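First up is the structure itself, then whatever we jot down about it.
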Amino acid sequence: MSAEPRTPRYGYQNDEQFLKVLEELDKVKQEVVDTRRWYKQHARPQMVQFRLSGVLLILLSVSVPFIAAQTAPWKDTVVSLATLLIAALTGLSSFFRWEHAWQSYRQTQYAFDRLLNMWELKIVEAKYQADSQQAIEMAMKATEQLLQDAAAITTAETAEYFKRVQMPQVQTAK
């Protein structure tokens, strides 16, 4: 038995109450869109910092033996600076854990993408309801679910962030 495709009920676009509610719900959804945008914007700097520090660590590490083999009078100073930079970059990378922040921000952004797509899908479904009141209820429920899921995602991501951040362990000579 094949179901006939549903078409939008006649005049749903002109149902002022439904359109007003949808307009208000879209404003509420905008907060989730803004939060998603924040994660998207903050993921890229984390990626850049992770990659830049990694490249610098590699280049500095491989250059130390080469510089140490030189006979120039500046070699001790340059080796000292290079090893100081290696230690600083290693400490900063260990403290900030840019790779984990980058991964977490992207995963959170993608989770928000999914939530927003699901909301849009539920709103389309609401638009196809013959009963205006039922359409409003569906749209309200979809928005409530969007807000609950968005709060759960940001709570989990924030908890994970603070679990990751640790003070670097300083080793003292014995």
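Restricting to the stretch 91-111, name every residue that is over 17 Å from MET47 (Cβ atoms) and either in contact with an Asp or Glu (Cβ under 7 Å, 6 or more places away or on another chain) or surrounded by 15 or more Cβ atoms within 10 Å (Cβ to Cβ) (or both).
ALA111
Which number in (1) in a helix (DSSP H, G or I); (2) over 17 Å from the mean Cα position of the chain (by Cα) marks the one condition that GLN129 misses?
Condition (1) is where GLN129 drops out.
Tally the residues that are among the charged types (D, E, K, R) and either over 21 Å from GLN17 (Cα atoms) or touching a strand residue (DSSP E or B) at 6+ places or on another chain (Cβ under 9 Å) (or both), restricting the search to the stretch 125-159.
Total satisfying the criteria: 2.
When LEU81 is evaluated against the numbered criteria (1) modelled with pLDDT of 95 or more; (2) surrounded by 14 or more Cβ atoms within 10 Å (Cβ to Cβ), which criterion, by number, is the only one it fails?
All conditions are met except number (2).
Pairs under 7 Å by beta carbon, first residue at pLDDT below 90 in the stretch 146-173, partner surrounded by 11 or more Cβ atoms within 10 Å (Cβ to Cβ), six or more apart or different chains?
GLU160/SER104; TYR161/SER104; ARG164/ARG97; ARG164/HIS100; PRO168/GLY91; PRO168/SER94; PRO168/PHE95
The values are calculated or read from the model by the stated rules, or taken from the named source; none is laboratory data. Bear in mind that the values here come from a model prediction, so they are computed numbers and not experimental data. Here the Cβ is made from the backbone with ideal geometry for all residues, glycine too, and neighbour counts use every protein chain on show.
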